[in-house]
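Asks: The structure that follows is given in the form of C-alpha coordinates.
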Amino acid sequence: MSARIITLTRHIIEEQRKHPYATGEFTDLMNDIAFAAKLISYHTNKAGLVGILGETENINVQGEIVKKLDVFANETMVNALDHGGHLAVMASEESEDIIPIPDKYPLGKYVCLFDPLDGSSNIDANVSVGTIFAIYHRSTPDGRPGTLEDCLQPGNNLVCAGYVVYGSSTMLVYTTGNGVHGFTLDHSYGEFLLSHPNITTPKKGKIYSVNESNFDYWDEGMQNYIQYVKQIDEKSGRPLKSRYIGSMVSDVHRNLLYGGVFLYPPSSLAPDGKLRLTYEANPMAFIIEQAGGKASNGKQRIVDIKPENLHQRVPLYIGSEKDVALIEDFLKGDKTL
Ligand code: P6P
(Lines give C-alpha, C1' and ligand atoms only; values in the text may rest on other atoms or scores of the structure.)
Protein backbone atom coordinates (compact mmCIF):
# COMPACT_ATOMS: atom_id res chain seq x y z
CA MET A 1 0.00 0.00 0.00
CA SER A 2 1.31 3.44 -0.91
CA ALA A 3 2.98 5.20 2.02
CA ARG A 4 0.68 8.14 1.31
CA ILE A 5 -2.49 6.14 2.00
CA ILE A 6 -3.06 5.94 5.75
CA THR A 7 -6.26 4.10 6.65
CA LEU A 8 -8.05 4.73 9.93
CA THR A 9 -7.04 1.24 11.10
CA ARG A 10 -3.35 1.85 10.34
CA HIS A 11 -3.47 5.25 12.06
CA ILE A 12 -5.07 3.81 15.20
CA ILE A 13 -2.53 0.94 15.33
CA GLU A 14 0.32 3.43 15.03
CA GLU A 15 -1.30 5.64 17.68
CA GLN A 16 -1.74 2.65 19.98
CA ARG A 17 1.97 1.81 19.75
CA LYS A 18 2.50 5.05 21.73
CA HIS A 19 0.56 3.44 24.60
CA PRO A 20 2.84 0.65 25.89
CA TYR A 21 -0.02 -1.30 27.45
CA ALA A 22 -2.36 -1.10 24.45
CA THR A 23 -3.80 -4.55 23.78
CA GLY A 24 -5.35 -3.91 20.39
CA GLU A 25 -8.83 -3.94 21.95
CA PHE A 26 -9.17 -0.22 21.34
CA THR A 27 -8.22 -0.69 17.69
CA ASP A 28 -10.97 -3.29 17.30
CA LEU A 29 -13.49 -1.02 19.03
CA MET A 30 -12.66 1.88 16.74
CA ASN A 31 -13.00 -0.42 13.73
CA ASP A 32 -16.46 -1.41 14.94
CA ILE A 33 -17.41 2.28 15.20
CA ALA A 34 -15.97 2.95 11.73
CA PHE A 35 -18.04 0.06 10.34
CA ALA A 36 -21.20 1.51 11.88
CA ALA A 37 -20.31 4.89 10.40
CA LYS A 38 -19.99 3.39 6.91
CA LEU A 39 -23.43 1.80 7.21
CA ILE A 40 -25.02 4.99 8.53
CA SER A 41 -23.30 6.98 5.77
CA TYR A 42 -24.67 4.65 3.11
CA HIS A 43 -28.23 4.87 4.43
CA THR A 44 -28.04 8.62 5.10
CA ASN A 45 -27.05 9.14 1.48
CA LYS A 46 -29.83 6.84 0.30
CA ALA A 47 -32.47 7.99 2.80
CA GLY A 48 -34.50 9.76 0.17
CA LEU A 49 -34.54 6.66 -2.01
CA VAL A 50 -35.15 3.82 0.39
CA GLY A 51 -38.25 5.17 2.00
CA ILE A 52 -36.76 5.61 5.42
CA LEU A 53 -37.46 9.29 5.41
CA GLY A 54 -40.31 10.65 7.36
CA GLU A 55 -41.21 10.29 10.97
CA THR A 56 -41.94 7.17 12.91
CA GLU A 57 -44.59 7.23 15.53
CA ASN A 58 -41.87 6.91 18.19
CA ILE A 59 -40.98 9.74 20.59
CA ASN A 60 -37.47 9.62 22.13
CA VAL A 61 -36.42 10.55 25.67
CA GLN A 62 -36.00 14.12 24.51
CA GLY A 63 -39.65 14.26 23.55
CA GLU A 64 -38.61 14.59 19.91
CA ILE A 65 -40.32 12.69 17.10
CA VAL A 66 -37.86 10.01 16.11
CA LYS A 67 -37.07 9.88 12.42
CA LYS A 68 -36.55 6.48 10.88
CA LEU A 69 -32.89 7.24 10.15
CA ASP A 70 -32.43 8.02 13.86
CA VAL A 71 -33.75 4.59 14.71
CA PHE A 72 -31.57 2.95 12.06
CA ALA A 73 -28.45 4.82 13.22
CA ASN A 74 -29.04 3.90 16.84
CA GLU A 75 -29.64 0.24 16.04
CA THR A 76 -26.56 0.23 13.81
CA MET A 77 -24.32 1.60 16.56
CA VAL A 78 -25.71 -0.83 19.17
CA ASN A 79 -25.45 -3.86 16.88
CA ALA A 80 -21.91 -2.93 15.79
CA LEU A 81 -20.66 -2.49 19.36
CA ASP A 82 -22.51 -4.99 21.55
CA HIS A 83 -20.77 -8.25 20.61
CA GLY A 84 -17.06 -7.39 20.23
CA GLY A 85 -16.19 -7.97 23.89
CA HIS A 86 -14.70 -4.47 24.22
CA LEU A 87 -17.48 -2.74 26.15
CA ALA A 88 -18.88 -3.08 29.64
CA VAL A 89 -21.88 -0.86 28.85
CA MET A 90 -23.20 1.65 26.30
CA ALA A 91 -25.47 4.71 26.40
CA SER A 92 -27.25 6.55 23.60
CA GLU A 93 -29.22 9.75 23.10
CA GLU A 94 -32.00 7.52 21.81
CA SER A 95 -32.24 5.34 24.94
CA GLU A 96 -33.47 6.63 28.29
CA ASP A 97 -31.41 4.12 30.28
CA ILE A 98 -27.95 2.61 29.83
CA ILE A 99 -27.68 -0.15 27.21
CA PRO A 100 -26.30 -3.34 28.80
CA ILE A 101 -24.14 -5.81 26.88
CA PRO A 102 -26.24 -8.94 26.19
CA ASP A 103 -25.34 -11.86 28.50
CA LYS A 104 -24.29 -13.97 25.52
CA TYR A 105 -21.43 -11.62 24.75
CA PRO A 106 -18.19 -11.07 26.78
CA LEU A 107 -17.68 -7.83 28.69
CA GLY A 108 -14.82 -5.44 27.95
CA LYS A 109 -12.98 -2.64 29.68
CA TYR A 110 -14.40 0.29 27.71
CA VAL A 111 -17.62 2.31 27.88
CA CYS A 112 -19.10 4.02 24.80
CA LEU A 113 -21.67 6.82 24.81
CA PHE A 114 -23.03 8.16 21.55
CA ASP A 115 -25.49 10.38 19.79
CA PRO A 116 -26.21 8.18 16.78
CA LEU A 117 -27.56 10.92 14.53
CA ASP A 118 -27.18 14.49 15.73
CA GLY A 119 -29.06 17.15 13.80
CA SER A 120 -31.66 14.63 12.70
CA SER A 121 -34.38 17.28 12.28
CA ASN A 122 -32.43 18.25 9.13
CA ILE A 123 -32.52 14.81 7.51
CA ASP A 124 -35.54 15.37 5.27
CA ALA A 125 -33.97 18.57 3.92
CA ASN A 126 -30.72 16.78 3.01
CA VAL A 127 -28.72 18.93 5.42
CA SER A 128 -25.61 17.27 6.88
CA VAL A 129 -25.97 15.35 10.13
CA GLY A 130 -23.50 13.52 12.35
CA THR A 131 -22.69 10.76 14.82
CA ILE A 132 -20.82 11.64 18.02
CA PHE A 133 -19.04 9.08 20.25
CA ALA A 134 -17.22 9.16 23.57
CA ILE A 135 -15.08 6.30 24.92
CA TYR A 136 -13.99 5.83 28.55
CA HIS A 137 -12.33 3.06 30.51
CA ARG A 138 -14.95 1.53 32.82
CA SER A 139 -14.70 3.01 36.32
CA THR A 140 -16.36 0.07 38.13
CA PRO A 141 -14.59 -3.29 38.76
CA ASP A 142 -14.15 -5.70 35.83
CA GLY A 143 -16.09 -8.91 35.56
CA ARG A 144 -19.54 -7.46 36.15
CA PRO A 145 -21.88 -5.59 33.75
CA GLY A 146 -21.14 -1.89 33.46
CA THR A 147 -23.35 0.55 35.32
CA LEU A 148 -24.72 4.08 35.08
CA GLU A 149 -21.72 5.17 37.18
CA ASP A 150 -19.42 4.08 34.32
CA CYS A 151 -21.37 6.41 31.99
CA LEU A 152 -21.35 9.46 34.28
CA GLN A 153 -17.62 10.20 34.13
CA PRO A 154 -16.31 13.73 33.52
CA GLY A 155 -14.89 14.50 30.08
CA ASN A 156 -11.42 14.66 31.66
CA ASN A 157 -11.55 10.85 31.82
CA LEU A 158 -12.16 10.41 28.11
CA VAL A 159 -9.88 7.89 26.36
CA CYS A 160 -11.17 8.80 22.92
CA ALA A 161 -13.75 11.12 21.38
CA GLY A 162 -14.87 11.44 17.81
CA TYR A 163 -17.58 12.34 15.38
CA VAL A 164 -18.64 11.43 11.89
CA VAL A 165 -20.12 14.16 9.71
CA TYR A 166 -22.30 12.92 6.83
CA GLY A 167 -22.04 15.85 4.44
CA SER A 168 -20.76 16.41 0.92
CA SER A 169 -18.34 13.70 1.96
CA THR A 170 -18.31 11.49 5.06
CA MET A 171 -15.55 12.42 7.49
CA LEU A 172 -14.56 10.76 10.75
CA VAL A 173 -12.63 12.99 13.17
CA TYR A 174 -11.14 11.57 16.38
CA THR A 175 -8.66 12.15 19.15
CA THR A 176 -7.11 9.88 21.78
CA GLY A 177 -5.33 12.81 23.42
CA ASN A 178 -2.53 13.01 20.83
CA GLY A 179 -3.99 15.61 18.52
CA VAL A 180 -7.04 15.57 16.27
CA HIS A 181 -7.09 13.62 13.02
CA GLY A 182 -9.63 13.60 10.18
CA PHE A 183 -10.39 10.75 7.79
CA THR A 184 -12.51 10.92 4.65
CA LEU A 185 -14.51 7.89 3.53
CA ASP A 186 -13.35 6.71 0.13
CA HIS A 187 -16.37 4.81 -1.14
CA SER A 188 -14.31 3.00 -3.79
CA TYR A 189 -12.14 1.41 -1.07
CA GLY A 190 -14.85 1.45 1.59
CA GLU A 191 -12.11 2.85 3.83
CA PHE A 192 -11.63 5.99 5.90
CA LEU A 193 -8.38 7.53 4.61
CA LEU A 194 -6.32 10.12 6.52
CA SER A 195 -7.12 13.46 4.90
CA HIS A 196 -6.67 15.96 7.78
CA PRO A 197 -3.75 14.98 10.05
CA ASN A 198 -3.15 16.99 13.24
CA ILE A 199 -6.05 19.43 12.90
CA THR A 200 -5.58 22.65 14.88
CA THR A 201 -8.19 25.38 15.16
CA PRO A 202 -7.36 29.11 14.79
CA LYS A 203 -7.02 30.92 18.14
CA LYS A 204 -9.51 33.52 16.92
CA GLY A 205 -12.20 33.06 14.30
CA LYS A 206 -14.44 35.14 12.08
CA ILE A 207 -17.59 33.01 12.48
CA TYR A 208 -20.22 32.77 15.19
CA SER A 209 -22.88 30.05 15.14
CA VAL A 210 -26.00 30.56 17.22
CA ASN A 211 -29.76 30.45 16.81
CA GLU A 212 -30.45 34.19 17.11
CA SER A 213 -34.21 33.68 17.18
CA ASN A 214 -33.70 32.98 20.89
CA PHE A 215 -32.16 36.46 21.45
CA ASP A 216 -35.00 37.82 23.62
CA TYR A 217 -34.84 34.73 25.84
CA TRP A 218 -31.14 35.19 26.67
CA ASP A 219 -29.63 37.07 29.61
CA GLU A 220 -28.04 40.47 29.12
CA GLY A 221 -24.45 39.25 28.92
CA MET A 222 -25.21 36.98 25.97
CA GLN A 223 -27.29 39.66 24.26
CA ASN A 224 -24.35 42.07 24.64
CA TYR A 225 -21.92 39.56 23.09
CA ILE A 226 -24.14 39.04 20.05
CA GLN A 227 -24.59 42.79 19.63
CA TYR A 228 -20.80 43.20 19.96
CA VAL A 229 -19.89 40.70 17.21
CA LYS A 230 -22.30 42.46 14.82
CA GLN A 231 -20.85 45.95 15.34
CA ILE A 232 -18.70 47.41 12.53
CA ASP A 233 -15.10 47.66 13.70
CA GLU A 234 -12.63 46.58 11.04
CA LYS A 235 -9.66 46.81 13.44
CA SER A 236 -11.06 43.94 15.51
CA GLY A 237 -12.40 42.08 12.48
CA ARG A 238 -16.06 42.80 13.18
CA PRO A 239 -18.77 42.14 12.19
CA LEU A 240 -18.20 38.37 12.40
CA LYS A 241 -19.93 36.12 9.88
CA SER A 242 -23.07 34.33 11.09
CA ARG A 243 -23.18 30.68 10.04
CA TYR A 244 -25.74 28.29 11.59
CA ILE A 245 -26.63 24.91 10.08
CA GLY A 246 -28.74 23.71 13.00
CA SER A 247 -26.66 20.54 13.15
CA MET A 248 -24.09 20.91 15.92
CA VAL A 249 -21.61 18.42 14.48
CA SER A 250 -21.58 20.30 11.16
CA ASP A 251 -21.32 23.73 12.79
CA VAL A 252 -18.54 22.67 15.16
CA HIS A 253 -16.69 20.81 12.36
CA ARG A 254 -16.70 23.89 10.10
CA ASN A 255 -15.55 26.11 12.97
CA LEU A 256 -12.83 23.58 13.91
CA LEU A 257 -11.34 23.90 10.43
CA TYR A 258 -11.98 27.60 9.75
CA GLY A 259 -12.03 29.06 13.27
CA GLY A 260 -15.06 30.46 15.06
CA VAL A 261 -17.41 29.70 17.90
CA PHE A 262 -20.61 27.69 18.33
CA LEU A 263 -22.97 28.79 21.07
CA TYR A 264 -26.01 27.19 22.62
CA PRO A 265 -26.70 29.46 25.63
CA PRO A 266 -29.19 28.92 28.45
CA SER A 267 -32.43 30.82 28.06
CA SER A 268 -35.73 31.31 29.84
CA LEU A 269 -36.97 28.60 27.44
CA ALA A 270 -34.15 26.17 28.22
CA PRO A 271 -32.38 27.07 31.50
CA ASP A 272 -29.54 24.58 30.81
CA GLY A 273 -29.36 25.07 27.06
CA LYS A 274 -30.13 22.22 24.67
CA LEU A 275 -26.98 20.18 24.13
CA ARG A 276 -26.38 17.11 26.29
CA LEU A 277 -23.23 16.89 28.38
CA THR A 278 -22.32 13.19 28.23
CA TYR A 279 -22.57 12.32 24.52
CA GLU A 280 -22.49 15.71 22.78
CA ALA A 281 -20.68 18.45 24.71
CA ASN A 282 -18.00 16.29 26.36
CA PRO A 283 -16.69 14.50 23.24
CA MET A 284 -16.76 17.70 21.17
CA ALA A 285 -15.03 19.57 24.01
CA PHE A 286 -12.21 16.96 24.20
CA ILE A 287 -11.71 17.25 20.45
CA ILE A 288 -11.72 21.05 20.33
CA GLU A 289 -9.30 21.32 23.29
CA GLN A 290 -6.96 18.84 21.60
CA ALA A 291 -7.09 21.10 18.52
CA GLY A 292 -6.09 24.13 20.64
CA GLY A 293 -9.60 25.49 21.17
CA LYS A 294 -11.78 25.93 24.24
CA ALA A 295 -15.13 24.55 25.42
CA SER A 296 -17.03 26.05 28.34
CA ASN A 297 -20.45 26.20 29.94
CA GLY A 298 -19.80 29.89 30.49
CA LYS A 299 -18.22 29.36 33.88
CA GLN A 300 -15.97 26.29 33.66
CA ARG A 301 -14.45 23.80 31.22
CA ILE A 302 -17.05 21.37 29.90
CA VAL A 303 -14.72 18.43 30.60
CA ASP A 304 -14.44 19.39 34.29
CA ILE A 305 -18.18 18.98 34.89
CA LYS A 306 -19.20 15.81 36.77
CA PRO A 307 -22.35 14.52 35.03
CA GLU A 308 -25.33 13.99 37.35
CA ASN A 309 -27.54 12.16 34.84
CA LEU A 310 -27.24 10.60 31.41
CA HIS A 311 -29.21 13.19 29.43
CA GLN A 312 -28.43 16.34 31.35
CA ARG A 313 -28.21 19.46 29.26
CA VAL A 314 -25.47 22.05 29.52
CA PRO A 315 -24.88 25.53 28.10
CA LEU A 316 -22.19 25.20 25.43
CA TYR A 317 -19.67 27.71 24.06
CA ILE A 318 -17.10 25.87 21.93
CA GLY A 319 -14.47 26.81 19.36
CA SER A 320 -11.59 29.26 18.98
CA GLU A 321 -9.94 29.91 22.33
CA LYS A 322 -10.05 33.72 22.24
CA ASP A 323 -13.68 33.79 21.11
CA VAL A 324 -14.85 31.51 23.93
CA ALA A 325 -12.81 33.50 26.48
CA LEU A 326 -14.46 36.73 25.25
CA ILE A 327 -17.93 35.16 25.61
CA GLU A 328 -17.09 34.22 29.21
CA ASP A 329 -16.06 37.84 29.86
CA PHE A 330 -19.40 39.10 28.51
CA LEU A 331 -21.34 36.52 30.53
CA LYS A 332 -19.48 37.52 33.73
CA GLY A 333 -20.10 41.20 32.99
CA ASP A 334 -16.35 41.83 32.75
CA LYS A 335 -16.94 43.04 29.19
CA THR A 336 -19.85 45.19 28.06
CA LEU A 337 -20.77 46.97 24.84
P1 P6P B 1 -32.14 24.78 17.54
C2 P6P B 1 -30.01 19.09 16.68
O3 P6P B 1 -31.34 18.76 17.09
C4 P6P B 1 -29.35 19.81 17.84
O5 P6P B 1 -29.32 19.00 18.97
C6 P6P B 1 -27.95 20.24 17.44
O7 P6P B 1 -27.36 19.40 16.50
C8 P6P B 1 -28.18 21.63 16.89
O9 P6P B 1 -27.04 22.45 17.00
C10 P6P B 1 -29.31 22.14 17.76
O11 P6P B 1 -30.08 21.00 18.15
C12 P6P B 1 -30.21 23.11 17.01
O13 P6P B 1 -31.16 23.57 17.94
O14 P6P B 1 -32.88 25.10 18.82
O15 P6P B 1 -31.27 25.94 17.10
O16 P6P B 1 -33.00 24.27 16.43
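Asks: By accessible area of protein heavy atoms, probe 1.4 Å, what ranking do 124, 118 get, highest first?
Replies: If we order 124, 118 from most to least accessible, we get 124, 118.
Asks: Among 302, 90, 116, whose Cα lies farthest out toward the positive end of the dipole of the chain, if unit charges sit on the beta carbon of Lys, Arg (+1) and Asp, Glu (-1)?
Replies: It is 302, whose Cα lies furthest towards the positive end.
Asks: Here's a follow-up. Filter the trypsin sites (Lys or Arg not before Pro) in the stretch 72-170 to those in DSSP coil with at most 11 other Cβ atoms within 10 Å of their Cβ, and list the result.
Replies: Those satisfying the criteria are 104.
Asks: Which percent, nearest 5, of DSSP beta bridges in the chain are antiparallel?
Replies: Within the chain, antiparallel bridges account for around 85 percent of the total.
Asks: I need the GluC sites (Glu not before Pro) found in the stretch 70-119, filtered to DSSP loop residues with at most 15 other beta carbons within 10 Å of theirs.
Replies: Counting only loop positions with at most 15 other Cβ atoms within 10 Å, the GluC sites (Glu not before Pro) in the stretch 70-119 are 96.
Asks: Binning at 20 angstrom from zero up to the longest distance, how are the C-alpha pair distances of the chain distributed in percent?
Replies: Histogram of Cα-Cα distances, whole percents per bin: 32, 58, 10, 0.
Asks: Also, quick follow-up: Would you work out the charge dipole size for the stretch 207-332 about its Cα centre, treating the Cβ of every Lys and Arg as +1 and the Cβ of every Asp and Glu as -1, and quote it to the nearest 20 debye?
Replies: 240
Asks: Using a cut-off of 10 Å between beta-carbons, work out the net charge of the residues near residue 292 (Lys and Arg +1, Asp and Glu -1, residue 292 not included).
Replies: Net charge in that neighbourhood comes out at 0.
Asks: Which of the GluC sites (Glu not before Pro) found in the stretch 294-337 are loop residues per DSSP with 14 or fewer other Cβ atoms within 10 Å of their Cβ?
Replies: Answer by residue number: 308.
Asks: Of 331, 248, 315, whose Cα points farthest to the positive end of the dipole of the stretch 207-332 (charges on the beta-carbon: +1 Lys, Arg; -1 Asp, Glu; origin at the Cα centre)?
Replies: Among 331, 248, 315, the one farthest towards the positive end of the dipole of the stretch 207-332 is 248.
Asks: Based on the mean of other beta carbon atoms within 10 Å per residue, what is the order of 145-156, 223-234, most packed first?
Replies: With the highest mean Cβ count within 10 Å placed first, the list reads 145-156, 223-234.
Asks: Quote the charge dipole size of the chain about the Cα centre in Debye, to the nearest 20; the model charges only the Cβ of Lys and Arg (+1) and of Asp and Glu (-1).
Replies: 1200
The values are calculated or read from the model by the stated rules, or taken from the named source; none is laboratory data. These figures come from a predicted structure and were not determined experimentally. Virtual Cβ from ideal backbone geometry, glycine too; neighbours counted across all protein chains shown. Side chains included, ligands, DNA and RNA excluded: accessible areas come from the protein's heavy atoms. Shrake-Rupley method; radii C 1.70, N 1.55, O 1.52, S 1.80 Å.
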